[in-house]
Structure formats: structure tokens, C-alpha cells
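Input: a single structure, listed below in C-alpha cells.
The values are calculated or read from the model by the stated rules, or taken from the named source; none is laboratory data. Note that this is a predicted model, so its numbers are computed, not measured. FYI the Cβ positions are ideal-geometry reconstructions off the backbone, even for glycines, and counts take in every protein chain you see. Calculation scope for accessible area: heavy atoms of the full protein, side chains included, ligands and nucleic acids excluded. Shrake-Rupley method; radii C 1.70, N 1.55, O 1.52, S 1.80 Å.
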Amino acid sequence: MAAATRRAASSLVSRCLLARPAVPSALRRPDGTRGLLPGVLQRFGTAAAAEEPISPPVQVRDTQLLINGKFVDAASGKTFPTLDPRTGEVIARVAEGDAEDINRAVAAARNAFDEGPWPRMTAYERSRILLRFADLIEKHNDEIAALETWDNGKPYEQAAQIEVPMVARLMRYYAGWVDKIHGLVVPADGPHHVQVLYEPIGVAGQIIPWNFPLLMFAWKVGPALACGNTVVLKTAEQTPLSALYVAKLMHEAGLPEGVLNIVSGYGPTAGAALASHMDVDKVAFTGSTDTGKIIMELSARSNLKPVTLELGGKSPFIIMDDADVDHAVELAHFALFFNQGQCCCAGSRTFVHERVYDEFVEKSKARAERRVVGDPFRKGVEQGPQIDDEQFNKILGYIKAGVESNANLVTGGARLGDKGYYIKPTIFSDVQDGMKIAQEEIFGPVQSILKFNDLNEVIKRANASRYGLAAGVFTNNLNTANTLTRALKAGTVWVNCFDIFDAAIPFGGYKMSGIGREKGVDSLKSYLQTKAVVTPIKDAAWL
């Protein structure tokens with residue numbers, strides 16, 4: 001992969017935003033050759049979703065659980081279907097892990113930590129394995145991206161040019177940290193030698209979501225392994241395929257058996273068993289706030305294991321009256337509609353100053369109606385289907401609630417086509433703070449545009465949410481930007497940009513958007529224990 005592509009991947013959206021659409025020149029055909037897939041672009045309309053689905057250029061090979069370095073069936077022998085969001089048809093049947101399989105995976109991870117070579121390797125050796133894994137991710141970029149698109153519905157171009165390269169970038173970032181996790185020697189008030197050691201926490205249980213399966217794999221597995229831990233990871237039942245594929249590559253890179261175990265299955269069975277397991281030392285979860293509460297309770301009721309939670313959001317995106325409206329429209333459109341709107345930090349409350357409000361709404365309508373919706377394997381498509389029928393119907397329910405609350409439906413508001421889980425890009429104007437669509441996380445392509453007229457007013461309204469994951473600010477006034485960035489109660493504030501996810505930037509939320517941070521140096525702290533070692537010193541030359 002070209003160096004320019006790798007650099008672009010370190011900021012998840014750097015090219016998507018200002019040079020729409022940023023597209024790769026080719027896809028890999030089933031015969032291994034490279035070239036454009038057939039078909040012409042379709043703009044907003046039913047034709048895009050009605051076209052015959054493109055045959056994905058990849059085969060599904062890995063559908064079992066990965067336990068102790070081997071692919072195995074679930075103990076019960078059960079399987080469940082993973083579906084193609086473009087059609088609702090079955091892609092493959094995947095092993096359905098439950099509590100017994102979690103027990104097997106945790107036992108393997110515990111043995112690998114207590115008896116195996118991984119935490120006893122030199123930091124340099126562990127780093128080399130992560131670097132080899134990153135190389136293999138790049139080598140298999142097209143196949144991994146195709147699996148991600150097929151299972152999830154996100155545009156192939158997004159997966160192949162941005163997300164998969166960023167997995168490699170994240171792994172190299174954490175590989176660089178492996179031999180830089182240093183302890184301290186601290187002075188004491190007396191003749192004692194005091195060391196502060198940072199030790200791996202042990203067996204990490206990890207539960208990832210369906211909206212960014214590969215990136216969440218990297219966000220969690222990367223720091224856990226860098227610190228010398230072992231892992232049991234439960235995939236989302238909607239998107240199990242890509243994690244199984246890349247876990248196989250991790251072992252090809254030289255990871256010892258039992259260090260990384262993958263269990264596919266459902267939350268109430270496999271997920272609950274992992275969170276409540278007495279031999280798991282730490283849990284990391286990304287998903288809804290309501291499920292996060294359950295994870296936290298199960299972790300506390302079992303062995304009081306620490307948790308990292310990256311949960312829901314209802315992020316404000318504030319556009320001031322000095323904005324370049326055309327640029328603001330494009331940025332706000334991206335902030336909401338990226339990844340079919342299935343993004344925890346989506347700018348889902350678009351606050352626009354009253355002086356530019358009407359112009360903004362009209363231009364946002366035109367931009368939404370130009371959005372390219374269709375088969376995510378087709379070149380130039382910006383928006384694919386929603387993940388499944390449950391999410392599809394949930395989004396349509398929110399649209400209905402918006403109409404019933406007398407918000408103005410500017411455009412969209414219905415399914416697109418009659419096959420698959422496609423929804424027209426939807427915009428509501430004249431949205432009020434108390435409306436359901438302004439308070440709850442929709443997780444879909446529905447933009448709510450609210451009007452404000454005063455800086456202090458919009459700060460108060462933006463903060464009047466149980467969530468605090470992220471926020472966006474669009475202004476040319478430095479003083480305004482500084483005021484907003486310090487006043488907004490959010491874990492990330494993007495100024496004149498949005499969704500910039502460099503590997504070194506910590507990510508996490510205030511309030512009910514979560515606990516702890518992922519990415520950057522902060523993520524390492526969640527996978528380390530701090531130990532103080534105190535030894536008396538006799539006849540010390542210095543203290």
C-alpha cells in the first residue's frame with residue numbers, strides 16, 4: 001500500500017471530508033485481477049438500492065471460534081447466521097459461543113498468561129510480532145475490507161482506504177509502545193529504595209460493537225497485547241467475520257497459542273459470561289449506554305474487575321454565524337451521515353446560528369439529496385445499508401417520532417428501495433431540545449437541525465444531555481473556539497473538522513458516554529497494574 005495511503009489512514013477522515021468522494025482506483029476481482037467493478041453511480045433514489053448486488057470479491061473461510069490458537073466448534077455445536085445487509089440473506093453460519101465456550105477461552109488465556117511465553121518475552125520480541133501482524137494486515141487489505149463491507153454494509157472504499165490501513169497504523173503505534181512502558185524510581189523520606197512497576201493486568205475480556213468491527217478490534221487488542229496481557233474477545237453477533245480473519249493473521253505473525261481468543265455469540269449468553277467471569281481481570285466494552293450499565297454491574301458483582309466503557313453519544317455540532325456556510329454544510333453532513341450515521345460520536349444535534357440557519361437548511365437538503373446511496377461494493381457509493389432489520393426499524397421509528405413531534409421533515413424520511421436495509425438520507429429542521437430525536441441516540445442517517453442565537457445559550461443547550469462523548473465547533477473566531485472548547489462537556493471537541501481519529505489521540509466520554517479512554521498512551525493505563533516495591537537501604541551513599 002502506498003505511503004500516502006498509510007499517512008491518510010492515521011486520520012480516519014482526512015480525505016473523505018474535503019475531497020469527496022475519495023475513492024480507490026480498483027477492487028480485487030474473484031479471479032485475483034484488479035479493475036473497476038461494473039456499474040454507474042446512482043444518486044439519491046431507489047435505483048441505487050434496486051440494482052443487483054455485486055458479488056463480494058472474497059470467500060468466507062473462518063466461521064469457528066478461536067480458542068487456544070485453534071479454530072473449534074462451539075461446545076453446544078450451535079451456529080447462527082450472519083447476514084448481508086444489502087439483501088438480508090445469509091452470508092455464512094458462525095459458531096455460537098456461550099458460557100461454556102467463554103470458560104474454555106478464559107482458561108486458555110489464563111494458562112497463556114500464567115504459564116506461557118507472552119508476558120515473559122522481551123518487549124522487543126512482542127513488538128516484532130505486532131509489527132509483523134501490521135504487515136500482514138496490509139498484505140491482505142483488500143480481502144479484509146471486502147469481508148468488513150459484506151458483513152457490515154459500509155462502503156468498500158471506506159473500509160479499504162481508511163479503516164483497514166488504520167488497523168495496521170494502530171498496531172504499529174502500539175508496537176512502538178511495547179518497550180517504552182517504563183517503571184519509576186522515586187525518592188522516599190528515609191533510607192529506602194522505592195520502585196514503581198507497571199505490570200500487565202492479566203486476562204482482558206473485550207466486547208466489540210458492529211459499527212466499526214475492525215477498528216474496535218485494534219483499539220482494544222492493540223494496547224492489551226502491548227502491555228503483555230492475554231485476551232478473550234467477543235465479537236458482535238452481527239459482524240463476526242473480520243475479527244476471525246485477522247486473528248488468524250495474528251497467529252501467522254507468531255502470536256503464541258492462547259494469547260488471543262475469539263468467541264462469537266450473543267450478548268446475554270457469551271457477553272454476560274465474559275463480564276461476570278471470576279478469572280477475567282479486566283473488561284473493555286464498546287456499545288450502548290444501557291448495555292454498558294449491565295457490563296459494569298456484572299463486573300462489580302463478580303470479582304470487582306475494572307472496566308473501560310465507550311458508550312453512546314448525542315454530540316452537538318455548533319455552527320456560528322461567521323461560518324463559511326458551504327463548508328459548514330459539507331462538514332456537518334459528514335459528521336452525521338458518515339458510516340450510515342452508525343457512529344457513536346456522530347454530530348447528531350446540528351446547532352446553527354439563526355443568521356445563517358435558513359441558508360444552511362436549504363443547502364443541507366441539496367447535499368443530502370446528492371448523497372450516493374447504494375451497494376457498498378460499487379465505486380463512488382457514500383452510503384450503504386443499515387446493519388440489520390432491528391436497527392433499520394429503530395431508525396424508521398425515530399423518523400416517525402420526529403414527524404409526530406412536528407419537526408419539519410426537510411428530505412428523506414423513508415426506506416430506499418424494497419430490498420435490504422437502505423434508508424434515505426433524512427433531515428429535520430425546526431427541531432426543539434425536548435423532542436425525542438434531539439435527546440436519544442438514533443444511530444442512523446437522520447440529521448436534526450436546531451436554531452440558536454447566543455453563545456451562552458448554545459453552550460447550555462449543548463451540555464443539556466446525559467451524553468458527553470464528542471462535540472464539533474465551526475467558527476473563524478479564535479476566541480469563540482476557545483470559549484466553546486473549554487465549556488463543552490465532551491471527551492473530544494473537534495474545531496473546524498470532525499471524526500479525526502489519529503492513533504495517538506485519546507477517545508472516550510464524559511457523563512454517561514463512558515469510563516476511561518481508548519487510543520493513545522491513556523489506553524495503556526487501562527491494561528496495567530501499578531505496584532510499589534520498597535526496600536531498605538543500608539549505608540546509602542545518597543537518597
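Okay, here's what the table says:
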read-out	value
Subset of segment 393-433 [open to solvent by 10 Å² or more (accessible area, probe 1.4 Å) and in a helix (DSSP H, G or I)]	Asn393, Lys394, Leu396, Gly397, Tyr398, Lys400, Ala401, Val403, Glu404
Qualifying residues in segment 434-447 (those that are open to solvent by less than 30 Å² (accessible area, probe 1.4 Å) and outside any strand (DSSP E or B)) - the one nearest to Asp388 (Cα to Cα)	Gly444
Selected residue (criterion: surrounded by the most Cβ atoms within 10 Å (Cβ to Cβ)) from residues of segment 508-543 that are among the aliphatic types (A, V, I, L, M) and part of a strand (DSSP E or B)	Leu528
Number of positions in segment 345-372 that are in contact with a strand residue (DSSP E or B) (Cβ under 7 Å, 6 or more places away or on another chain) and basic (Lys, Arg)	3
All positions within segment 228-254 that are under 21 Å from Asp135 (Cα atoms) and open to solvent by 10 Å² or more (accessible area, probe 1.4 Å)	Tyr245, Lys248, His251, Glu252, Gly254
Every residue from segment 448-465 that is open to solvent by 20 Å² or more (accessible area, probe 1.4 Å) and more than 11 Å from Thr350 (Cβ to Cβ)	Asn453, Asp454, Leu455, Asn456, Glu457, Ile459, Lys460, Arg461, Asn463, Ala464, Ser465
Residue in segment 432-449 that is more than 21 Å from Phe334 (Cα to Cα), out of contact with any helix residue (DSSP H, G or I) (no Cβ under 9 Å at 6 or more places or on another chain) and acidic (Asp, Glu) present	no
Enumeration of residues in segment 308-337 that are open to solvent by less than 10 Å² (accessible area, probe 1.4 Å) and aromatic (Phe, Trp, Tyr)	Phe317, Phe337
Some residue of segment 214-222 being within 29 Å of Ala272 (Cβ to Cβ), of a type in the set (Lys, Arg) and assigned to a strand (DSSP E or B)	no
Residue match in segment 354-362 (condition: surrounded by 24 or more Cβ atoms within 10 Å (Cβ to Cβ), farther than 13 Å from Ile427 by Cα and charged (D, E, K, R))	no
Pair list, Cβ under 9 Å, 6 or more apart: segment 462-475 residue among the aromatic types (Phe, Trp, Tyr), other residue at pLDDT below 95 and crowded, with 21+ Cβ neighbours inside 10 Å	Phe474/Ala323
